[in-house]
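**Student:** Can you keep this structure in mind? I'll have questions shortly.
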Amino acid sequence: MYKERKAKKDRKSGGSGNEFAEILKTVFFALLIAVVLRVVLFQPFTIPSASMEPNLYEGDYIVVSKWSYGYSKHAIPFSPPIFEGRLFNKAPERGDIAVFKLPRDAGTGPNKVDYIKRVIGLPGDRVQMIDGTLHINGEPVRDVVLDATEVGETFGARPATQLRETLPNGRTFTIQDFGPGGMLDSTPEFQVPEGHYFMMGDNRDNSVDSRDQSSQGVGLVPEENLIGKAEIILFSWSPGASLFNPVSWFSKVRPSRFFTDLD
């Protein structure tokens, strides 16, 4: 009788151990699948600033497709230097909204800074701003005024103009401009070398991008630094929403921006 009870107790103890092992296996494979999906297919990003307004707002939660441009070491978390260049490389199209690693951070640790801008200049292009008008290969890019608006900022509302810009390949999108006199409204002509791209924010007077080639700017972006193409706004909360404040999940939500296609 004693031996029988002891055997039952041992079986129960073994069952608990097996159950814990199964839980660990489940968690491991779930994490593995999540990592594979993040590296190969999709990666989420939160927009941290106003540089892409009026198309992307601070607090937009977007999904980026990894396969759109192929894969570099930056497709993997922490950018491990396991290979150079890109696998299955596919060039971005002019007008794409792309996420990339900041060039000046390359080779300085985990490369934590991700930027999101629009692809304006392709390899071989000449890009220049002249009195607030974008020029590509010596030709002004057509833009049409859509609306006058006001943009709220820290020290109050600021008048702005929204324009519809049409790139040479026919891609159209809305840009935002605060009027003449911006620091990057007039620039030298930039020649885009092979293997690089010229990026600009849609909020033209409130964007650090390839127009600024100083040590604090973005400069020209190597194709290896591309992470992927922004595809869709999944969710959106206005500034002030907090994970630790459940009330803000509802008071700050912007449902009109949910599932907005960015193509």
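**Student:** Have a look at Ser68, Ser207, Ser248 and tell me which one the Gaussian network model of the chain (Cα, springs below 10 Å) gives the largest fluctuation.
**Tutor:** Of the options given, Ser248 has the highest mean-square fluctuation.
**Student:** Compute the longest continuous run of the chain that contains no exposed trypsin sites (Lys or Arg not before Pro); treat a site as exposed when its DSSP state is not H, G, I, E or B and it has at most 14 other Cβ atoms within 10 Å.
**Tutor:** Maximal segment without exposed cleavage sites: 113-263.
**Student:** Within the chain, which is the longest segment that contains none of the GluC sites (Glu not before Pro) sitting in a DSSP loop with at most 10 other Cβ atoms within 10 Å?
**Tutor:** 85-193
**Student:** Then there's this: Please give the helix 2-36 orientation as an angle from the longest Cα principal axis of the chain, in degrees from 0 to 90, rounded to the nearest 10.
**Tutor:** So the helix axis and the longest Cα principal axis differ by about 10 degrees.
**Student:** Mean-square fluctuation check for the chain, GNM, Cα pairs under 10 Å: which of Gly152, Gly59, Gly170 is largest?
**Tutor:** Gly152
**Student:** Between the range 53-67 and the range 111-135, what is the separation of their alpha carbon centroids in Å?
**Tutor:** 18 Å
**Student:** For the chain, place one equal point scatterer on every Cα, skip the solvent, and apply the Debye formula. What is log10 of I(q)/I(0) at q = 0.14, 0.17 Å⁻¹?
**Tutor:** Computed log10 I(q)/I(0) values: -1.03, -1.41.
**Student:** Right, something else. Within 10 Å, at most 16 other Cβ atoms, and a DSSP state outside H, G, I, E, B define an exposed site. Report the longest part of the chain free of exposed chymotrypsin sites (Phe, Trp or Tyr not before Pro).
**Tutor:** 156-243
**Student:** Who wins for biggest fluctuation among Gly201, Gly179, Gly70 in a Gaussian network model of the chain, springs between alpha carbons below 10 Å?
**Tutor:** Gly179
Every number in this text was worked out from the coordinates using simple rules, so none of it is lab data. Just so we're clear, the structure is a prediction, and the values are computed from it rather than from any experiment. Cβ sites come from the backbone with ideal geometry, for glycine too, and all protein chains shown count toward neighbours.
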